[in-house]
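Inspection log for the structure reproduced underneath, given as structure tokens.
The values are calculated or read from the model by the stated rules, or taken from the named source; none is laboratory data. The structure presented is a predicted model; accordingly, all values stated were derived computationally and were not measured. In this analysis, Cβ positions are derived from the backbone assuming ideal geometry, glycine residues included, and neighbour counts consider all displayed protein chains.
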Amino acid sequence: MALSFSTTLRNSRADAITTAIGGSALLRIYSGTAPANVGTALSSNTQLAELTCNATFAPSASGGVLTLNSITQDSSADATGTATFFRILTSGGTAVMQGTVGTTGSDLNLNTTAISSGAAVSVTSFVITEGNA
């Protein structure tokens, strides 16, 4: 039998993400092989873009789902490359979350993973769903 958590607990876990990240977080998109986890240093990765999250990261979770507020686009990407993973950092630069980037089935889905230096990069929505319903 799989673990099953109440909606209240799933909401609390999702809201803890908002608390840990705080306001005006940074969403950085990278190329290369993702480090083993968010606490592992980057190694030969290229930062392709940096977007700024809303001053209020997300409203309270509902149904175990955390839907981020608007994310300001990067109007001019830093480098050219293929996006493979992202990190979300506090406004002070501490990495809190890391995930995959793709066009479907990834933690962060973009319309294309091919990012060109100087091009705009935007995220239209970002949702985190707590599992084990």
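So, in the stretch 69-94, how many residues would count as being out of contact with any Cys (no Cβ under 9 Å at 6 or more places or on another chain), closer than 15 Å to Leu108 by Cβ and part of a strand (DSSP E or B)?
6
Specify which of the listed residues (Ala36, Ala61, Ala133) is more than 15 Å from the chain's Cα centre (by Cα), modelled with pLDDT under 95, closer than 29 Å to Ser4 by Cα and of a type outside the set (Lys, Arg).
Only one candidate passes the filter, namely Ala133.
List pairs: first residue in the stretch 37-63 and without any contact (Cβ under 8 Å) to a residue 60 or more places away in the chain and within 14 Å of Ala83 (Cα to Cα), second residue assigned to a strand (DSSP E or B) and of a type in the set (Lys, Arg) anywhere in the structure, Cβ distance under 9 angstrom, at least six positions apart or on different chains.
Qualifying pairs under 9 Å: Gln47/Arg28; Glu50/Arg28.
Filter the stretch 27-55 down to the residues that are surrounded by fewer than 13 Cβ atoms within 10 Å (Cβ to Cβ) and of a type in the set (Ser, Thr, Tyr), then identify the one that is farthest from Ala120 (Cα to Cα). It would help to see each step written out before you state the result.
Step one: list which residues in the stretch 27-55 are surrounded by fewer than 13 Cβ atoms within 10 Å (Cβ to Cβ), which gives 33, 36-37, 39-41, 43-44, 55.
Filter once more, keeping what is of a type in the set (Ser, Thr, Tyr): 33, 40, 43-44.
On the way: Thr33: 23, Thr40: 28, Ser43: 25, Ser44: 23 Å.
Selected residue: Thr40.
Checking the conditions here, which among Ala55, Ala83, Ala49 is over 14 Å from the mean Cα position of the chain (by Cα) and on the phi < 0 side of the Ramachandran plot?
Details: Ala83 fails: over 14 Å from the mean Cα position of the chain (by Cα); Ala49 fails: over 14 Å from the mean Cα position of the chain (by Cα).
On inspection, the qualifying residue turns out to be Ala55.
Going by the conditions given, is Leu9 aliphatic (A, V, I, L, M), modelled with pLDDT of 95 or more and more than 25 Å from Gly102 (Cα to Cα)?
Here the answer is yes, as Leu9 does meet what is asked.
Could you say which residue among Leu66, Leu48, Leu27 is in a strand (DSSP E or B) and touching a Cys at 6+ places or on another chain (Cβ under 7 Å)?
Result: Leu27 is the single residue among Leu66, Leu48, Leu27 that is in a strand (DSSP E or B) and touching a Cys at 6+ places or on another chain (Cβ under 7 Å).
Would you point out which residue out of Thr94, Thr67, Thr100, Thr104 is touching a strand residue (DSSP E or B) at 6+ places or on another chain (Cβ under 6 Å), of a type outside the set (Asp, Glu) and within 24 Å of Gly32 (Cα to Cα)?
Numbers: Thr94 fails: touching a strand residue (DSSP E or B) at 6+ places or on another chain (Cβ under 6 Å); Thr67 fails: within 24 Å of Gly32 (Cα to Cα); Thr104 fails: touching a strand residue (DSSP E or B) at 6+ places or on another chain (Cβ under 6 Å).
Step by step, each of Thr94, Thr67, Thr100, Thr104 is checked, and only Thr100 is touching a strand residue (DSSP E or B) at 6+ places or on another chain (Cβ under 6 Å), of a type outside the set (Asp, Glu) and within 24 Å of Gly32 (Cα to Cα).
For the stretch 86-133, give me the residue count where each residue is closer than 14 Å to Glu50 by Cβ and aromatic (Phe, Trp, Tyr).
1
List pairs: first in the stretch 1-27 and closer than 13 Å to Ile128 by Cβ and touching a residue at least 60 places away in the same chain (Cβ under 8 Å), second loosely packed, with under 14 Cβ neighbours inside 10 Å and of a type in the set (A, V, I, L, M), Cβ under 6 Å, 6+ apart or cross-chain?
Within 6 Å, no pair qualifies.
Name every residue in the stretch 22-31 that is small (Gly, Ala, Ser) and either within 8 Å of Phe85 (Cα to Cα) or out of contact with any Phe, Trp or Tyr (no Cβ under 8 Å at 6 or more places or on another chain) (or both), in order of residue number.
Ser24, Ser31
Under 8 Å between Cβ atoms, at least 6 apart or on separate chains: pull out the pairs that start in the stretch 67-93 with a residue that is more than 29 Å from Thr19 (Cβ to Cβ) and end on any residue that is hydrophobic (A, V, I, L, M, F, W, C) and not in a strand (DSSP E or B).
Listed by first residue and then by second, the contacts come to Ser75/Ala120; Ser76/Ala119; Ser76/Ala120; Ala77/Ala119; Ala77/Ala120.
Quick check on the stretch 7-24. Is at least one of its residues surrounded by 15 or more Cβ atoms within 10 Å (Cβ to Cβ) and in a strand (DSSP E or B)?
No - not one qualifying residue is present in the stretch 7-24.
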